[in-house]
Ligand code: SF4
């Protein structure tokens, strides 16, 4: 069995379409550091179901790999890093808004 | 240029109203995302990495002044003040809010534009030679036929749920600038023995996961048979195309698996039916459409001022050397406006730049603009006496980069800076290559060279047909760039061959530099272009410079 790597629940907001993350207190945050880091596979599955049920708030919820950082969860894959930051060609998106 | 009639206007307005209702129902929860997704895609609305993205069709790449100004207005009002021109002659807005999209579509309808069938498994925006109606080498302006195809394919009841998306490109000139051999159907205008214009019909081309050069299914199709013949092709594909496997669903696979001969026979069989069904009404409509595309009233004026400016201003001269193309009318030129300033995002124009371009088209360009699949903007009809003024205005708007066809005139798809399907970024690689060769002051020395970059196997950046193609991949969680060599996007289309192992994001620009310096050392004469040298010598010497033996690399 492969070891479970920690995850966060993430999705896109329905109206704005931008990346959001699920917090431990059931909010959707635009700051990934506030997300709930899920270290247990069963927990992660339940949190994902909870997220997917919020059909009128977010779109396309999924579990993304993450690791514990100094200020909260951090991405481990570059795609998630870009979602957290925004595009590299302009100062647009989260890198200036969050 | 084509102007919507009452039917077009009512149709587009009805679609906007319908979509407005669908968006409202999505927001209030009566539609789920699964229900809404196909509806939004039918209207060009994607959900990307950071936001929604609205893809708006620019049919056959033609825009008028009011349309360009409206795009600028939309960019300012509902987006972040810019738009992105794509390789399929669309414009993409990267930051709309879902709730605003119906208003954006209404604003587009105000100027005869829409986002219908810019996504989904339908016949997409028909693309055309961006010099259509202006090129000196043209047989006929292909846009009336392209508009006929647009009207036929839009909301065609039989073709709303094809096995996969379907792309048609058309060129009125034997020199193919519309990449017709990389389309599901490619149409290249040729003349028969008697001199009558018709089409060489190409089928089953496409890039993406399984790149294939299209094959000629008909050497010569009379113009009048175009719609029934296209309908026959799409009908056979609709029946035969595979719906069991997304990766085998494009017509290129249908033609490949069944064989061109069988496919042609089936098309001919359908054609005997469709031809009888088309009672000639299509030709009546075409005749009406043709009126809309009458050539502008070209002026005659002395060009002494232009000649004097060439002598007086070397920067202007350099710009005319790279950015002008021969026009069919005496005294005129086709102006290619580079949307590839060194270090900028390929294909991105700000709203201010759009307004400058609209103003120039209005004042000096007979009111016409074109978007090329190479992500540049064209002023198709400018009299040479007006070129110095046009150049000055472009310069003031940071639009006068003299690099068309050169190494920094790079096609780059949005890649992982925006696109949800991407496996790596494209834009920063394009920016770095352009800046590097600008700093080296080498690009004019290098001469014509097409670099094309895609951020994933879908190949929106046409990397397979770049002289140098770059494909961004995800290799074990790291961006990695694979190089292909020797591709050709013209009527002699060739899929480039993979050079070898990929390069990291840090290594790719130095690798391109090695390749280009290698070419400079290998070329027989200063006039031999990169692709000519490649054709003469083959890939091996290029691979040798790309992957030097270890000792040489250590010593370097
Ligand atoms: S090639 Fe891939 S990354 Fe680039 S725009 Fe197309 S789908 Fe997106």
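The values are calculated or read from the model by the stated rules, or taken from the named source; none is laboratory data. Source: prediction; values computed, not measured. Here the Cβ is made from the backbone with ideal geometry for all residues, glycine too, and neighbour counts use every protein chain on show.
Looking at B:25, B:37, B:20 in this structure, which one is farther than 30 Å from residue A:80 by Cβ, free of Cβ contacts under 8 Å to residues at least 60 places away in the same chain and not assigned by TED's automatic domain parsing to the domain that holds residue B:379? If you could, list the steps in order and put the result at the bottom.
On the way: B:37 fails: farther than 30 Å from residue A:80 by Cβ; B:20 fails: free of Cβ contacts under 8 Å to residues at least 60 places away in the same chain.
The conditions single out B:25.
Taking the range B:404-420, which residues are within 11 Å of chain A (Cβ to nearest Cβ) and either within 30 Å of residue B:334 (Cα to Cα) or near the ligand (Cβ under 7 Å from one of its atoms) (or both)? Break it down into steps so the answer makes sense when it comes.
Filtering the range B:404-420 for residues within 11 Å of chain A (Cβ to nearest Cβ) gives B:412, B:414-420.
B:412, B:414, B:415, B:416, B:419 - these are the residues of the range B:404-420 that are within 11 Å of chain A (Cβ to nearest Cβ) and either within 30 Å of residue B:334 (Cα to Cα) or near the ligand (Cβ under 7 Å from one of its atoms) (or both).
Being touching a helix residue (DSSP H, G or I) at 6+ places or on another chain (Cβ under 7 Å) and either within 14 Å of chain A (Cβ to nearest Cβ) or near the ligand (Cβ under 10 Å from one of its atoms) (or both): is that true of residue B:424 here? Don't jump to the end; show me each part of the working.
Details: touching a helix residue (DSSP H, G or I) at 6+ places or on another chain (Cβ under 7 Å): yes; either within 14 Å of chain A (Cβ to nearest Cβ) or near the ligand (Cβ under 10 Å from one of its atoms) (or both): yes.
Against the criterion (touching a helix residue (DSSP H, G or I) at 6+ places or on another chain (Cβ under 7 Å) and either within 14 Å of chain A (Cβ to nearest Cβ) or near the ligand (Cβ under 10 Å from one of its atoms) (or both)), residue B:424 qualifies.
Filter the range B:427-448 down to the residues that are more than 16 Å from the ligand (Cβ to nearest atom) and either closer than 15 Å to residue B:508 by Cα or within 10 Å of chain A (Cβ to nearest Cβ) (or both) and list them by number.
Scanning the range B:427-448 gives B:432, B:433, B:434, B:435, B:436, B:437.
Name the residues in the range A:22-43 that are assigned to a helix (DSSP H, G or I) and either within 14 Å of chain B (Cβ to nearest Cβ) or crowded, with 20+ Cβ neighbours inside 10 Å (or both), would you?
So the first thing to find is which residues in the range A:22-43 are assigned to a helix (DSSP H, G or I), and the list is A:32-34, A:41-43.
If the condition is that a residue be assigned to a helix (DSSP H, G or I) and either within 14 Å of chain B (Cβ to nearest Cβ) or crowded, with 20+ Cβ neighbours inside 10 Å (or both), then A:32 is the only one that fits.
Which residue, of B:68, B:42, is more than 12 Å from chain A (Cβ to nearest Cβ), surrounded by 20 or more Cβ atoms within 10 Å (Cβ to Cβ) and at pLDDT below 95?
That would be B:42, the only listed residue that is more than 12 Å from chain A (Cβ to nearest Cβ), surrounded by 20 or more Cβ atoms within 10 Å (Cβ to Cβ) and at pLDDT below 95.
Step by step: first the residues of the range A:84-98, then only those that are surrounded by 14 or more Cβ atoms within 10 Å (Cβ to Cβ) and part of a loop (DSSP other than H, G, I, E, B), then the one that is farthest from the other protein chains (Cβ to nearest Cβ). Which residue is that?
A:98
Considering the range B:354-375 alone, what residues qualify as being part of a helix (DSSP H, G or I) and surrounded by fewer than 24 Cβ atoms within 10 Å (Cβ to Cβ)? Spell out how you get there, then give the answer.
Kept after step one, since they are part of a helix (DSSP H, G or I), are these residues of the range B:354-375: B:354-364.
Those that are part of a helix (DSSP H, G or I) and surrounded by fewer than 24 Cβ atoms within 10 Å (Cβ to Cβ): B:355, B:356, B:358, B:359, B:362, B:363, B:364.
What's the number of the only condition in (1) surrounded by fewer than 24 Cβ atoms within 10 Å (Cβ to Cβ); (2) closer than 26 Å to residue B:178 by Cβ that residue B:398 fails to meet?
Failed condition: (2).
Which residue out of A:11, A:19, A:81 is closer than 23 Å to residue B:478 by Cβ, surrounded by 20 or more Cβ atoms within 10 Å (Cβ to Cβ) and within 14 Å of chain B (Cβ to nearest Cβ)?
When all the criteria are applied, what remains is A:19.
Could you please give the count of residues in the range B:449-477 that are more than 10 Å from the ligand (Cβ to nearest atom) and more than 14 Å from every other protein chain (Cβ to nearest Cβ)?
11
Residue under question is residue B:20, and the condition is that it be in a helix (DSSP H, G or I) and within 14 Å of another protein chain (Cβ to nearest Cβ); does it hold?
Criteria not met by residue B:20.
How about the range B:239-263: which of its residues are touching a strand residue (DSSP E or B) at 6+ places or on another chain (Cβ under 9 Å) and surrounded by fewer than 20 Cβ atoms within 10 Å (Cβ to Cβ)?
B:256, B:260 - these are the residues of the range B:239-263 that are touching a strand residue (DSSP E or B) at 6+ places or on another chain (Cβ under 9 Å) and surrounded by fewer than 20 Cβ atoms within 10 Å (Cβ to Cβ).
Go through the residues of the range A:59-75 one by one and say whether even a single one is within 7 Å of chain B (Cβ to nearest Cβ), assigned to a strand (DSSP E or B), modelled with pLDDT of 95 or more and surrounded by 17 or more Cβ atoms within 10 Å (Cβ to Cβ).
Looking through the range A:59-75, at least one residue is within 7 Å of chain B (Cβ to nearest Cβ), assigned to a strand (DSSP E or B), modelled with pLDDT of 95 or more and surrounded by 17 or more Cβ atoms within 10 Å (Cβ to Cβ).
Among the residues of the range B:329-348, count how many are within 14 Å of another protein chain (Cβ to nearest Cβ), crowded, with 24+ Cβ neighbours inside 10 Å and touching a strand residue (DSSP E or B) at 6+ places or on another chain (Cβ under 6 Å).
Restricting attention to the range B:329-348, the residues satisfying the condition of being within 14 Å of another protein chain (Cβ to nearest Cβ) are B:339-348.
Then keep just the ones that are crowded, with 24+ Cβ neighbours inside 10 Å; that gives B:339-340, B:345-347.
From the residues that got through so far, the ones that are touching a strand residue (DSSP E or B) at 6+ places or on another chain (Cβ under 6 Å) too are B:339, B:346-347.
Within the range B:329-348, residues that are within 14 Å of another protein chain (Cβ to nearest Cβ), crowded, with 24+ Cβ neighbours inside 10 Å and touching a strand residue (DSSP E or B) at 6+ places or on another chain (Cβ under 6 Å) number 3.
Do we find a residue being crowded, with 21+ Cβ neighbours inside 10 Å and within 13 Å of the ligand (Cβ to nearest atom) anywhere in the range B:486-495?
No: zero hits.
Can you report the number of residues in the range B:122-134 which are over 16 Å from the mean Cα position of the chain (by Cα), on the phi < 0 side of the Ramachandran plot and buried (at least 23 other Cβ atoms within 10 Å of the Cβ)?
Residues that pass the stated criteria total 1.
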